[in-house]
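As C-alpha cells, the structure follows; a few thoughts come after it.
Throughout, read-outs are computed from the coordinates displayed, never taken from laboratory work. These numbers come from a predicted model, not from an experiment. Cβ atoms come from the backbone with ideal geometry, glycine included; neighbour counts cover every protein chain shown.
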Amino acid sequence: MRASKLYAPTLKETPSDAEVVSHQLLTRGGYIRKLTAGIYDYLPLAYRVIRKIEAIIREELDRAGAQEILLPTVQPAEIWRESGRWQQYGPELLRMKDRKGGEFCLGPTHEEVIVDLVRRDVRSWRQLPINLYQIQGKFRDEIRPRAGLMRGREFIMKDAYSFDVSESAALESYDLMYQAYNAIFQRCGLDFRPVEADTGSIGGSRSHEFQVLAESGEDAIVSCSHCDYAANVEQAELLAQPSASHDNQSSLERAHTPMKKSIEEVSTYLKRAVTDCVKTLVLIADESPVIALVRGDHEVNEIKVKKRLAAQMIRMATEEEIEHLGLVSGFIGPYEVSDSAQEARWLIDHTLKGTTDLVVGANRSDEHFIGLSLQRDCPQLTEYVDIRMAADGDPCPRCGSNLRSFKGIEVGHIFYLGTKYSEAMKCTVLDETGRDTPMVMGCYGIGVTRVMAAAIEQNHDRFGIIWPHSIAPFELHILTLQSNVDEVVDCAESLYQGAQERRIEVLFDDRDLRAGGKFKDADLIGIPYRVAIGGRGLKEGVAEVKRRAEPTVYKVPIPQVLDAIERELKGEDYLSQWVDQ
C-alpha cells in the first residue's frame, strides 16, 4: 500500500476528549474517528488490525471444533422474556418498537438467540456437543461511554456458545475454550493473565476473565507469586487469618470524634492505627438491609456479599435508609444498636474474628467507641465470612504464598452457564436413556476492538504505537528520505515491489514530505519494522533498518534488507549483526 493513497489522516494534536493512550494514539494515528459518544468509525489501518485479530480467533476456534455462524443483531423481546432478562438486564439494553408495535432490542449479547436456534433443530444427545460462534457488532447503551474503544457503546465482539448433554461434557468444552483463549492472546502478542471471575449478569457458576496487564486497566487483579492462581480482586478467595489474643483486653469507652467520619480522619484524631478501626457499611440486598464489617484498611466486596446472601441485586443504602435503621451515617458501629438495626443481617469479615481493642462507630453523631472486643461486646454477631476485596500481600488461597496486585484490561470472558438458559427456554434433548434433559451450556466472549485498544495500552511509547507484529496493520514500513532524488525513489520502489512479491505486508511512504514528518508518522502508526532509504546510505549501499520497539538503527546492505526482514518476522534476531548506534 502506498501512503499517498492510504486514507489515514494523522493529527499532530491529541483530541481533548481522548482520556487514555489507546484513544489518543488511535485517533492521532488515523485509525479511528468518533461519530458520537461511544461510537467510532474504523478507518483502513484499524480495520486491518481488526481483521488480523479476527483471523487469529477464527483459526483457534476452528481448531477447537467450533463453527462460525452469523445471527441477527435485532432481537425480539419474546425470547428475552423467556430467559427472564428483559427486565433484569437494565438500561444498557437498547429497546425499540417496529411499525407494528412489536418490541425488540439491539443485541448486546446472543444467549437467547442461540438457544432459540438450537432448540428448534437439535433433538438427540448424538447431535452434541455443538459449539457455535460469530464475530459481530454489539451495542450496549453505557451510561458513561469513556476511554475510547475500552468502554464504548458499539463494539465488535466474538461470542461463542457450547451445548452439551451433561455437566462433565460441558466442562470439557469449557476447558477447550480456555485453552483456545490462551492460544489466541498469546498469538496476539499480549502479556495477559486468565483470572477467576464473577459471572455477573450472564449468570452461571464458573467463569474466567482474560486480563491484559496495563497500568491504565480498569480491573484490579491478583496473581500468586508461586502458583498459577489468579483472580479478579472481587472474586479472589481469602484465607481466614489467625485469631488475635484475648489477653489484656481494654475496657470499652466512648470517645468524642467531632465531624470525624472517615477511617482516616478517626484514626488520625484518636492516634490509632487504621487496622484498629472497623469499617461498617449498610447495603441493601434485594430490598433487605445487610450490615457489613471489615477492618479499616480493607474494602467490602459487594459481589461476595451478594453471593453470600444469594441476592439478585445489591447496592449501597441511602441516607434515608440508614436513618430508618436508627443509625447515623459516618458513625455506624455494632455496639448499642437500635432494634431495627439488630434485625438486619450482619456479616463480619473473618479477618476481624478474635480481634480486640477496636475503634467502632457509636451510633451517635460525633462519637466512637474505643476498646471494643467483638466476641466480648457483640456476642450476637456470629456470621464471620470472607467479604473483603483481595489486596497486594494477601496469602494465596491455593498455596499460601503472597498475592501480587496488577491492573488489567478485560479482553475476554468465558462462562460455564449450566442450564440457566436452556431450562428457562426449554432447550432440551433426549439423553442416552431417552430422558428429556436440558442442554448444558457455556458461553465465551472476546472484545475484538477492545483487544486492539488493549494492545496499544500495553505497547506504546511517547512517540506512538508499538504493534505486536501478529496484529500490526502492516509488517514493514518503507520510507524515502529524499522524494526528489530519483535514485532514492527507485531503490525504495524496488524494495516495495520485492516485499510485495515475498508477500510481506508493506506500507510505502511515497509522499512528498520531509524526512522528519515521515519518521514521526512512522513512529505514531507503529508498524513493527521500518526501512529508510536516503541518499547518504545509498552511496554506502545500505538502508537504515529499525525495529519499532527499540531505538537501535541497523545499517543493512540493500540486497539483504528483505531477507533480513523475512527472518525477523519468523522470530530470528537477525538484524543484530548490523549495529550502528
Cα centroids of the range 305-373 and the range 550-570: how far apart, whole angstrom? 66 Å
Restricting things to alpha carbons, tell me how big the range 474-577 is in terms of Rg and Dmax, in Å. 12.3, 35
With 5 Å bins from 0: P(r) over the range 253-385, alpha-carbon pairs, percent: 2, 11, 23, 24, 22, 13, 4, 1, 0
Return the FRET efficiency for the residue pair THR14, ARG435: r is the Cβ-Cβ distance, R0 is 51 Å, and the value is rounded to the nearest 0.05. 0.25
Would you tally the net charge around ARG48, using a Cβ to Cβ cut-off of less than 13 Å, leaving ARG48 out, and scoring K and R as +1, D and E as -1? -1
Report, in debye and to the nearest 20, how large the dipole of the range 1-44 comes out about its Cα centre when Lys and Arg carry +1 and Asp and Glu carry -1 on their Cβ. 280 debye
For the chain, what does -39500 (n - 2.57) per DSSP helix run (n ≥ 4), summed and divided by total residues, give at 222 nm, in deg cm²/dmol to the nearest 500? -8000 deg cm²/dmol
Remind me, relative contact order of the range 474-577 in percent, using alpha carbon pairs under 8 angstrom and six or more residues apart? 27 percent
Note the full-extension length gain between ARG2 and ASN484 as 0.36 nm times their separation in residues minus their Cα-Cα distance, in nm to one decimal. 171.9 nm
Quick calc: nm separation of the 7 Å Cα→Cβ label points for GLU501 and ASP41 -> 3.8 nm
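Under the √(5λ) rule applied to the eigenvalues of the Cα gyration tensor, what semi-axes describe the equivalent ellipsoid of the chain? Give them in Å, descending. Intermediate results must be reported in sequence, preceding the final value.
Working: eigenvalues 541, 217, 98 Å².
Each semi-axis is the square root of five times an eigenvalue, giving 52, 33, 22 Å.
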Got a sec? Charge dipole of the chain, +1 on Cβ for Lys and Arg, -1 for Asp and Glu; which of ALA77, PHE508, TYR384 is way out at the positive end? PHE508
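Kindly identify the range 95-237 as rounded, prolate or oblate by the Cα gyration tensor criterion: order the square roots of the eigenvalues as a ≥ b ≥ c, call it rounded if a/c is under 1.5, otherwise compare a/b with b/c, prolate if a/b is larger, else oblate.
oblate
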How many nm separate the modelled label positions at TYR178 and ASP228, each set 7 Å beyond the Cα in the direction of the Cβ? 0.8 nm
Given the range 474-577, what percent of its DSSP beta bridges are antiparallel, to the nearest 5? 50 percent
Where the only charges are on Cβ atoms (+1 Lys, Arg; -1 Asp, Glu), what is the dipole of the range 65-126 about its Cα centre, to the nearest 20 debye? 200 debye
